[in-house]
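Participant: Below is a structure I'd like to ask you about.
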Amino acid sequence: MALTAFQLEVVGYLAALCTTGAFVPQALLTWRTRRADGVSLGMYSIFTTGVALWLAYGVMIGSWPVTIANAVTLGLALFILGMKLRFG
């Protein structure tokens, strides 16, 4: 069974919602507690770079689900990374 373009976009948006939304609890916890000692600086640095590259890729291929998800995820990852640098 072949999926329509619309169905493919829905899958992309749902995947984007899940993977991007997964960062919200960490961002909220870090903000509320002002603690980031459990966050790996190395992992978040590499991850943030990867998300920036995924964002660039999404823009280059013209994929809205990839672009939007990675733009939001990049913002959340940068926020968590900044909190890690500020609060340790």
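Participant: Which of 38, 12, 75 moves the most in a Gaussian network model of the chain with Cα springs under 10 Å?
Facilitator: Result for the chain, Cα springs under 10 Å: 38 fluctuates most.
Participant: At 222 nm, what helix-only mean residue ellipticity would the chain give, in deg cm²/dmol to the nearest 500, using -39500 (n - 2.57) for each DSSP H run of four or more?
Facilitator: Helices in the chain give a 222 nm mean residue ellipticity of -27500 deg cm²/dmol.
Participant: While we're on this one: Taking the alpha-carbon centroid of each part, what is the distance from the range 71-88 to the range 35-59 in angstrom?
Facilitator: Using only Cα atoms to place each centre, the spacing works out to 8 Å.
Participant: Starting from the 7 Å offset along Cα-to-Cβ, what nm value, one decimal, do you get for the label separation of residue 35 and residue 78?
Facilitator: 2.8
Participant: How much length is gained on full extension from residue 11 to residue 85, taking 0.36 nm per residue of separation minus their Cα-Cα distance?
Facilitator: Full extension from residue 11 to residue 85 adds 23.1 nm.
Participant: A further question follows. Which order do 83, 1, 43 take when ranked by solvent-accessible area (1.4 Å probe, heavy atoms of all protein chains), largest first?
Facilitator: Heavy-atom accessible area, descending, gives 1, 43, 83.
Participant: Extending each Cα 7 Å along its Cβ direction at residue 45 and residue 61, get the distance between those two points in nm, one decimal.
Facilitator: 2.9
Participant: Can I ask one more? Taking the range 30-81 as the region of interest, what is the percent of Cα-Cα pairs per 10 angstrom bin, listed from the shortest bin to the one with the maximum distance?
Facilitator: 27, 44, 23, 7
Participant: Could you pull out the trypsin sites (Lys or Arg not before Pro) across the chain that fall in loop regions by DSSP (anything but H, G, I, E, B) with no more than 15 other Cβ atoms inside 10 Å?
Facilitator: Those satisfying the criteria are 34, 35.
The values are calculated or read from the model by the stated rules, or taken from the named source; none is laboratory data. Everything quoted here is computed from the prediction, not taken from an experiment. Quick reminder, even Gly has a Cβ in these numbers, built from the backbone with ideal geometry, and neighbours come from all protein chains shown. Please note that ligands, DNA and RNA were not included when accessible areas were found on the heavy atoms of the full protein model with its side chains. Shrake-Rupley method; radii C 1.70, N 1.55, O 1.52, S 1.80 Å.
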